[in-house]
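Down below is the structure, laid out as structure tokens.
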Amino acid sequence: MSAGSHQGCVDLTLALQDVCKSFGGLRVLEGVTARFEPLRTHVLMGPSGSGKTTLLRLLAGLERPDAGEVVRGSDVRMGMTFQEDRLCENLTATANIRLPRPRLSGEALERFLAYEREAMAACDLSVDARPVRDLSGGQRRRVAILRCVLAEANTLLFDEPLKGMDEKTVEAVMAFVAPLVAERTVLWTTHDERDLRFFNDPILWRVEGGRVCAC
Amino acid sequence: MAGPSNKNAEKGGRLRTWAVRLVCVLFWLAVWGLAARAIHARIILVGPLEVLARLGNLAVTGEFWASIAISLGRVAVGYVSAVVLGVALAAFASRFSLVRELLAPLMGALKATPVASFVILVLLWVSSRHLSIVIALIMALPIVYTNVLEGIRQTDAGLLEMCDLFDVRGWDRVRLVYASEVLPYFRAAVTLALGLSWKAGIAAEVIGLPDFTIGEHLYDAKVYLDTPDLFAWTLAVIVVSVALEALITRVMGWAMGRWEARP
């Protein structure tokens, strides 16, 4: 279960070495070793509670392993779509999407705003002055996905991003998102095997019983 | 989508609400007028029409407006200082638990101590001209501090984690996440503190008696048993208070609307 870690001088390594993680008495990951090949799409599947979210959070540095080591290359810049939307309720969709790029101003800001509007239109989201608290659950989900894919990140983590979306919206969103993520390292967790059709030659992983293995 | 019929219904509902409020106010004015007639003793109670007439007489004098401007200006200085200081202290307290622990008894004491005690104490330290500034500050500070600190502490941990992941830090995090989360708490605090500062500032003037202030006129009305003057100045205080609260609510609503609606 290994893959290359360096692309030229850029270090995009992402790996777990003998990682264990428990919450209280519940052991979620047990001696997990995995290397995620850079600039490829990795689809992680497994039943609910199997540790997919924990694995992403460990890689993102949001959790510390009880034992073992999480290796992140020095050039890894992450973006993530969490299971919850995690949006700033009082800000507009565009302001939320732009949040990972807080320093934009002048012409660069105008260019990015135009890009945001294009992205939102492609994902069937209307651009207006409403704060996101006034948006529906599906609309908020799309804002969270766009925030992740439009971030200046080379490694994107998606934690069941399409959950709860209807088929037509999923098709529209993925038609826009799939080409954008194609040349970045992507870790995509899902229950739904149908998600695989959106990716070109993804690497499949199975997360179950505290173990992670490539299929 | 909200159509014209919905907007008309909303407008009609608002008009009805205002009509009900107006009727209630007129009812109590009528009760007041009837009570004044029944008592028939100006020194104890004057009717609303006489109070309005007296206020009209006062309103054409320069001293009336000068007194309101001086009282309002001093309370405003204390209030604005409290807002700035309260926000700064809350930011420090949220960052450093030692600051929070140190300030907790002080803020508790400020909230619990009667305003009259502060007025007498502060009069020993500063001239009566500056009394209402200090009292307005003392009244507003714990409210702003407590609310803003609570807003910061209630900021969604998930949002902060999201900021960590996207490497949004420092001032960017403050203006994009904390400001957005704390703004509703701040809005409630400044609206509440404004009324309290204004009333406490006037009360301090009644004790400290600085020249050309509303408090001095209220004191004079008491000394000369001039009940119409007492009611007229009180009405002026209420009108200023309501106007200030409406102004600050509008300004905050406008500012929040602009903040939320920016692309």
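The values are calculated or read from the model by the stated rules, or taken from the named source; none is laboratory data. Keep in mind that this is a model prediction, so the values were computed, not measured. Note that we place each Cβ from the backbone using ideal geometry, even for glycine, and neighbour counts take in every protein chain shown. Quick note on the areas: whole protein, heavy atoms, side chains included, nothing else; ligands and nucleic acids left out. Shrake-Rupley method; radii C 1.70, N 1.55, O 1.52, S 1.80 Å.
Quick notes on this one:
- All helices (runs of 4 or more DSSP H) inside the stretch A:88-155 with 3 or more residues being aliphatic (A, V, I, L, M) and more than 9 Å from every other protein chain (Cβ to nearest Cβ): A:106-122, A:137-149
- Residue in the stretch A:63-71 that is assigned to a strand (DSSP E or B), buried (at least 22 other Cβ atoms within 10 Å of the Cβ) and more than 17 Å from the chain's Cα centre (by Cα) present: no
- B:Arg54 being farther than 27 Å from B:Ile202 by Cα and either assigned by TED's automatic domain parsing to the domain that holds B:Leu196 or modelled with pLDDT under 95 (or both): no
- Filtered residue count, the stretch B:206-239, keeping only those that are touching a Phe, Trp or Tyr at 6+ places or on another chain (Cβ under 8 Å) and over 18 Å from B:Pro48 (Cα atoms): 4
- Applying the criterion of being open to solvent by 20 Å² or more (accessible area, probe 1.4 Å) and more than 8 Å from chain B (Cβ to nearest Cβ) to the residues of the stretch A:72-87, the residue that is farthest from the chain's Cα centre (by Cα) is A:Ser74.
- Candidate set from the stretch A:12-48 (those that are in a strand (DSSP E or B) and among the basic types (Lys, Arg)); member that is nearest to A:Ala153 (Cα to Cα): A:Arg35
- Hey, B:Leu149 open to solvent by 40 Å² or more (accessible area, probe 1.4 Å) and at pLDDT 95 or above or not: no
- Boolean, B:Arg250 is part of a helix (DSSP H, G or I), without any contact (Cβ under 8 Å) to a residue 60 or more places away in the chain, open to solvent by 50 Å² or more (accessible area, probe 1.4 Å) and facing chain A (nearest Cβ under 10 Å): no
- Of the residues making up the stretch B:92-122, those that are under 30 Å from B:Asp211 (Cβ atoms) and open to solvent by 60 Å² or more (accessible area, probe 1.4 Å) are B:Pro114, B:Ile120, B:Leu121.
- Candidates B:Gly215, B:Gly208, B:Gly257: the one that is within 14 Å of another protein chain (Cβ to nearest Cβ) and not polar (S, T, N, Q) is B:Gly257.
- Extreme residue, surrounded by the most Cβ atoms within 10 Å (Cβ to Cβ), among residues of the stretch A:128-155 that are farther than 17 Å from A:Leu56 by Cβ and of a type in the set (S, T, N, Q): A:Gln139
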